[in-house]
1. Can you pull out every residue in the stretch 53-69 that is over 11 Å from LEU127 (Cβ atoms) and of a type in the set (Ser, Thr, Tyr)?
2. Given the options THR76, THR40, THR88, name the one that is at pLDDT below 65 and touching a Leu at 6+ places or on another chain (Cβ under 9 Å).
3. Suppose we filter VAL83, VAL47 for residues that are among the aliphatic types (A, V, I, L, M), without any contact (Cβ under 8 Å) to a residue 60 or more places away in the chain, closer than 16 Å to GLY125 by Cβ and surrounded by 14 or more Cβ atoms within 10 Å (Cβ to Cβ); which single one remains?
4. Which of the numbered conditions does ILE119 fail, given that it passes all the others? Conditions: (1) within 29 Å of PRO32 (Cα to Cα); (2) surrounded by 13 or more Cβ atoms within 10 Å (Cβ to Cβ).
5. Which numbered condition in (1) modelled with pLDDT under 80; (2) over 30 Å from TYR31 (Cβ atoms) is the only one that PRO99 fails?
Amino acid sequence: MIFPFPSPSPSLFLPLPLPPSFSDIWNNTWYPKAKDHINTEKTWYVVDATDKILGRLASTIAVHIHGKNLATYTPTIDMGAFVIVKRTQKLYRRHSGRPGGMKVETFNQLQQRIPERIIEHAIRGMLPKGSLVEHCLTT
């Protein structure tokens, strides 16, 4: 086959190399890495839960455990803090639905019956569901 013009060389279509001083000024978003957030660098909070409403207390603790209070929050990385909750003198009520079925017990009675489940259950319900949250609650 005869071409009227010379065939183009492949080197004409290669991109030109960029100078070494060139940097992409538009794509410079910082994304945190999991190795940058080690459990030993997490902050510790001690919360006194006396005279606090359980749901409001649990939502505040959930924000700190998940790390949403940080400016560098990323949902795919465990960036939260460790939280210790002190005991309370709260009353917990439940009703069976039958007449006279109101059950009232104190925090200590419920703690003996179901240890470490009162606040953990409330916090777990306020965190997003997934394996990262399971990791946050177990560490």
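1. Listed by number, the list holds a single entry, THR60.
2. None of the others qualify; the one that does is THR88.
3. VAL83
4. Evaluating ILE119 over (1) within 29 Å of PRO32 (Cα to Cα); (2) surrounded by 13 or more Cβ atoms within 10 Å (Cβ to Cβ) leaves (1) as the failure.
5. It fails just one condition, (1).
The values are calculated or read from the model by the stated rules, or taken from the named source; none is laboratory data. Since we're looking at a predicted model, the values are computed, not measured. Here the Cβ is made from the backbone with ideal geometry for all residues, glycine too, and neighbour counts use every protein chain on show.
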